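Throughout, read-outs are computed from the coordinates displayed, never taken from laboratory work. Everything quoted here is computed from the prediction, not taken from an experiment. In this analysis, Cβ positions are derived from the backbone assuming ideal geometry, glycine residues included, and neighbour counts consider all displayed protein chains.
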Amino acid sequence: MAASAMETRFQSASIEKNTAIMHKDVEAYRRLRKDGVQPKSTKGAAELEKRAGSKWEIETGQNLGGNAKLGAKLDAVQSSIAKGETV
């Protein structure tokens, strides 16, 4: 009998699931970095890529609940600060 058939003795299903999630997160992280944004972590990057509507949401990891206007305003403020302008 294979160890993977005994879920209480061997956590192969859990390990395989976590590995698949990790691979999706790493690929999403790479796409986000290629787009010029810096997510806080690779963990959860796939979900963040799906739901984030602004650069600010990606870089802070905060969810604005789909509020595109607020996201655009926060992106503009972040851009101004990066340029050394006053807000």
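Quick notes on this one:
- Peptides 54-61, 73-80 ranked from most to least packed, by the mean per-residue count of other Cβ atoms within 10 Å: 54-61, 73-80.
- Among 15, 70, 48 - extreme Cα towards positive end, dipole of segment 3-83, charges at beta-carbon: 70
- Global geometry of segment 3-83, whether rounded, prolate or oblate, following the gyration tensor of its Cα atoms and the 1.5 cut on a/c: prolate
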